[in-house]
1. Just one of the numbered conditions (1) more than 9 Å from chain B (Cβ to nearest Cβ); (2) open to solvent by less than 60 Å² (accessible area, probe 1.4 Å); (3) outside any helix (DSSP H, G or I) is not true of A:Ala17; which one?
2. Is it the case that some residue within the range B:57-73 is polar (S, T, N, Q), within 14 Å of chain A (Cβ to nearest Cβ) and assigned to a strand (DSSP E or B)?
3. Search the range B:136-162 for residues that are farther than 16 Å from B:Ile124 by Cα and more than 14 Å from chain A (Cβ to nearest Cβ) and pair each with any residue that is within 16 Å of ligand 1 (Cβ to nearest atom) and open to solvent by 40 Å² or more (accessible area, probe 1.4 Å) when their beta-carbon atoms are under 6 Å apart and the residues are at least 6 apart or on different chains.
4. All but one of (1) of a type outside the set (D, E, K, R); (2) part of a helix (DSSP H, G or I); (3) under 22 Å from A:Gly5 (Cβ atoms); (4) open to solvent by 70 Å² or more (accessible area, probe 1.4 Å) hold for B:Ile96, so report the exception by its number.
5. Sort through B:Arg25, B:Arg20, B:Arg77 and tell me the only one that's within 22 Å of A:Leu40 (Cβ to Cβ), open to solvent by 10 Å² or more (accessible area, probe 1.4 Å) and more than 10 Å from chain A (Cβ to nearest Cβ).
6. Hey, among B:Cys64, B:Cys103, B:Cys44, B:Cys35, which residue is over 13 Å from the mean Cα position of the chain (by Cα), more than 16 Å from ligand 2 (Cβ to nearest atom) and either under 30 Å from A:Leu29 (Cβ atoms) or modelled with pLDDT of 95 or more (or both)?
7. Could you check the range A:214-233 and list, in sequence order, the residues that are part of a helix (DSSP H, G or I) and surrounded by fewer than 19 Cβ atoms within 10 Å (Cβ to Cβ)?
8. Name every residue in the range A:121-165 that is in a loop (DSSP other than H, G, I, E, B) and within 26 Å of A:Thr98 (Cα to Cα), in order of residue number.
Amino acid sequence: MKPAGFAYHDPQTVAEAVALLGRLENARLLAGGQSLMPMLAMRVAFPDHLIDLNRVEGLDGITVEQGVLRIGAMTRQRSIERSAAIREACPLMTEALTHVGHLQTRNRGTIGGSLCHLDPSAELVTVAAALDATIEVAGPEGQRDVAIADFPLGFMTPALAPEEMVVAIRIPLWPREHGYSFMEFARRHGDYAIVSAAALLVLDSAGRIARASVTLGGVGAAPLRVTTAETALVGEAPTPALFRAAAACCEGIEAMEDPQAPAWYRQRLAAVLTRRALERAWARATGEAA
Amino acid sequence: MTHELHDITLVVNGRSHPIRVEARRTLADAIREECGLTGTHLGCEHGVCGACTVLLDDQPVRACLMFAVQADGRAIRTVEGLAHGDTLSPLQKAFIEQHALQCGYCTPGFLMLGTAILEQNPDIGDEELIEILSSNLCRCTGYANILRAVRAAAAAMREEGVA
Ligand code: FES
Ligand code: FES
């Protein structure tokens with residue numbers, strides 16, 4: 001359980017890190033290390049070069065400006081969890097973070113690391129999908145934006161060229177009075193979820209659903225926006241029956257199968273968690289739940 | 001090239017240890033092997049058990065999930081730094097009094113995690129305390145006594161006016 005040898009690089013700027021990525025063969029970026037370190041220890045990853053981002057300037061920080069939340073890639077999960085600005089502007093993220101690993105791992109783990117590791121069940125990726133986030137990517141030619149919907153290329157594979165790296169995530173904020181909920185089922189608290197569900201709702205002045213977002217994590221290689229459920233919700237008056245009907249859309253989704261759970265189990269979980277998340281989001285939108 | 005050695009300084013419990021390590025040396029191994037401080041234990045070596053928990057700039061982290069080169073110059077605290085001479089810390093005393101250890105393998109990790117909790121949030125609620133403590137594995141005690149020890153230490157510290 002010891003990592004194999006590698007050459008260690010310790011850049012100070014994004015430009016240096018990108019240059020190293022372009023120059024070195026079989027190099028990997030090291031962010032918080034809470035997923036990569038176990039992979040190195042178990043030798044399922046064996047890079048010749050590790051490029052440590054922990055001393056790169058300007059990669060961490062949280063800003064809320066003109067309706068957009070921006071979080072630097074190296075911002076620790078713990079800082080996000082404790083950010084009063086995020087709790088107020090984007091409480092879905094705060095709630096999701098309480099399911100991410102443990103105190104010790106959140107102290108090191110970063111949002112950029114979670115996004116790039118792209119575990120199918122990673123809470124932060126699901127949240128990013130639920131909120132239509134944009135990923136800021138730096139490369140030799142400068143910076144470009146990638147919509148979260150285009151970010152997962154496949155199983156644990158982000159849409160990044162070998163010489164590119166994520167520098168930040170941008171999230172367009174929902175109106176202040178929106179309702180939200182993040183729920184998941186995991187065997188043990190802190191484990192990756194078998195299935196997670198994120199729900200967001202906005203009610204109009206007549207109390208009908210003006211906007212809805214329903215997202216599932218853990219069912220496939222990438223988070224799944226359940227657009228059929230969203231369409232079923234918008235324009236309707238929220239009732240338990242409506243939520244049940246919308247959640248039923250999740251039973252028809254394609255779900256993966258692995259040693260943890262068969263596909264049918266994930267479909268059932270998806271429907272149950274979605275219904276509960278919608279009910280909680282509704283209660284929050286109407287001020288009936290905290 | 002991949003076995004290149006790096007000269008770094010680990011500052012453990014206020015004492016500087018100038019050491020020379022390969023980049024692949026984890027912080028936990030460097031603390032044990034190069035600094036000779038074997039109080040920090042290694043259980044799983046891949047971030048699951050929490051036995052290797054140390055405080056990095058006062059925050060609990062898993063020392064097997066960091067490389068020593070990354071901790072160059074940072075303030076590290078380990079179980080050896082808890083007692084003052086022969087006087088145990090309130091948490092260490094409480095562990096003994098509440099029978100919060102049996103084999104003791106997990107104890108250094110729990111002590112460092114508990115120390116961070118007591119420093120940052122001594123009035124922590126039960127639910128959150130259980131959540132945080134459950135991140136470390138103990139195969140002997142069943143956790144209840146560990147929980148009780150953290151509570152007892154918080155009470156003792158309040159009495160002494162430490163917290
Ligand atoms: S030895 Fe570090 S978490 Fe188990
Ligand atoms: S006391 Fe034996 S593992 Fe905890």
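The values are calculated or read from the model by the stated rules, or taken from the named source; none is laboratory data. If you're wondering where the values come from, they're calculated on a predicted model, not measured in any experiment. Note that each Cβ is placed from the backbone with ideal geometry, even for glycine, and that neighbours are counted across all protein chains shown. These accessible areas exclude ligands, DNA and RNA; they are computed on the full protein's heavy atoms, side chains included. Shrake-Rupley method; radii C 1.70, N 1.55, O 1.52, S 1.80 Å.
1. (3)
2. yes
3. If the second residue must be within 16 Å of ligand 1 (Cβ to nearest atom) and open to solvent by 40 Å² or more (accessible area, probe 1.4 Å), the pairs left are B:Cys140/B:Cys103.
4. The failed condition is (3).
5. Exactly one of B:Arg25, B:Arg20, B:Arg77 is within 22 Å of A:Leu40 (Cβ to Cβ), open to solvent by 10 Å² or more (accessible area, probe 1.4 Å) and more than 10 Å from chain A (Cβ to nearest Cβ), namely B:Arg20.
6. B:Cys35
7. Result: A:Thr227, A:Thr228, A:Thr231.
8. A:Ser121, A:Ala122, A:Leu131, A:Asp132, A:Ala133, A:Phe151, A:Phe155, A:Met156
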